[in-house]
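For reference, the structure discussed in these notes is given below.
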Amino acid sequence: MADETDHEGEPDAKLIAAKERWAREARGLTGVPGTDRLPPGQHRTEGWPVLDLGILPRVDRSTWQLAVDGLIENPVIWRWDDLQAQPVFRTVSDIHCVTSWSRYDNRWEGVSAKHLLSVVRPAPEARFVLFHSSDGYTTNLPLSVFDDEDVLLATTWEGEPIDRDHGGPVRVMVPKRYFWKSAKWVKRIEFLAEDKRGYWEVRGYHNDADPWREERYGE
Ligand SMILES: Nc1nc2c(c(=O)[nH]1)N[C@H]1C(S)=C(S)[C@@H](COP(=O)(O)O)O[C@H]1N2
Ligand SMILES: [Mo]
């Protein structure tokens, strides 16, 4: 039996847990959801908004092609079966859109950028990548940003084929940059010695697009 003389009531476990959480957040520790995980100026969404130029290309698996060219040793044109023949890569990452929504824990499957690079072998002069899409959209990245563990050509999201609105059958996903750097309906990846700005990058969006530095517009 409990000692009735000492105190009345039970500790409020929920309140204590909340206070401990606040204390951790105030100290700025990492790994606390809702603080360090959310880049400045962003808010969390549960849904996945559709954002694009309003041109919805019709690309199906039977006609899909990806050309990888420019300053690489082994240019390739992959059709759907070629893509499927590559090692499957799975990863979970957060989306950060410049329009201020973020979506956590997106489960992706596809072909990793690391694998693609091992196949095409960029030449020493190659320092930038330009993505071309079927709707006429383009976007650019330094090769060093594309060449990251979490970057992929994604074919599924949450276990389902990526739908047409979200860039299916194949879109790029670059978690460490604002989402406009992740080309939907990608059809060509070009390796370049000099940087070449893409669609939004020539229209006032920041060239680097790091959400943690809030590189939204300008530069
Ligand atoms: N091909 C293509 N890719 C694109 C775009 C586009 O208009 N065309 N828009 C970009 C922008 S601005 C955003 S925010 C994301 C939106 O992707 P979603 O519609 O799947 O959310 O795609 C990016 N990739
Ligand atoms: Mo966007």
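Data for the structure
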{"item": "Fully extended contour minus Cα-Cα distance, from Glu46 to Arg121, at 0.36 nm per residue", "result": "23.2 nm"}
{"item": "Backbone HN-Hα couplings from phi across the stretch 58-63 [Karplus 6.51/-1.76/1.60, Hz, Gly and Pro as x]", "result": "9, 10, 10, 4, 6, 10"}
{"item": "Protein accessible area in the stretch 169-219, 1.4 Å probe - carbon and sulfur %", "result": "45 percent"}
{"item": "Nonlocal amide H pairs with Asp208, under 5 Å, H built at 1.01 Å", "result": "none"}
{"item": "For the stretch 81-186, fraction of C-alpha pairs farther apart than 24 Å, in %", "result": "17 percent"}
{"item": "Amide hydrogen neighbours beyond the local backbone of Arg188, cut-off 5 Å, H modeled", "result": "Ala67, His132"}
{"item": "Alpha-carbon radius of gyration plus Dmax, which is the widest Cα pair, for the stretch 6-213 in Å", "result": "20.2, 78"}
{"item": "Dipole-positive endmost among Ser102, Leu141, Val202 within the stretch 72-219 (Cβ charges, Cα centre)", "result": "Val202"}
{"item": "Label-point gap, in nm, between Asp147 and Leu38 - each point 7 angstrom along Cα→Cβ", "result": "3.6 nm"}
{"item": "Under 20 Å between alpha carbons - lysine pairs in the stretch 6-213 that sit 8 or more apart or on different chains", "result": "9"}
{"item": "Convex hull of the stretch 33-128 built on C-alpha atoms - directionally averaged projected area, nm²", "result": "8.7 nm²"}
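The values are calculated or read from the model by the stated rules, or taken from the named source; none is laboratory data. This is a predicted model, so every value here is computed, not measured. Every residue, glycine as well, gets a Cβ built from its backbone with ideal geometry; the counts of neighbours run over all protein chains shown. SASA here: full protein model, heavy atoms, side chains in, ligands and nucleic acids out. Shrake-Rupley method; radii C 1.70, N 1.55, O 1.52, S 1.80 Å.
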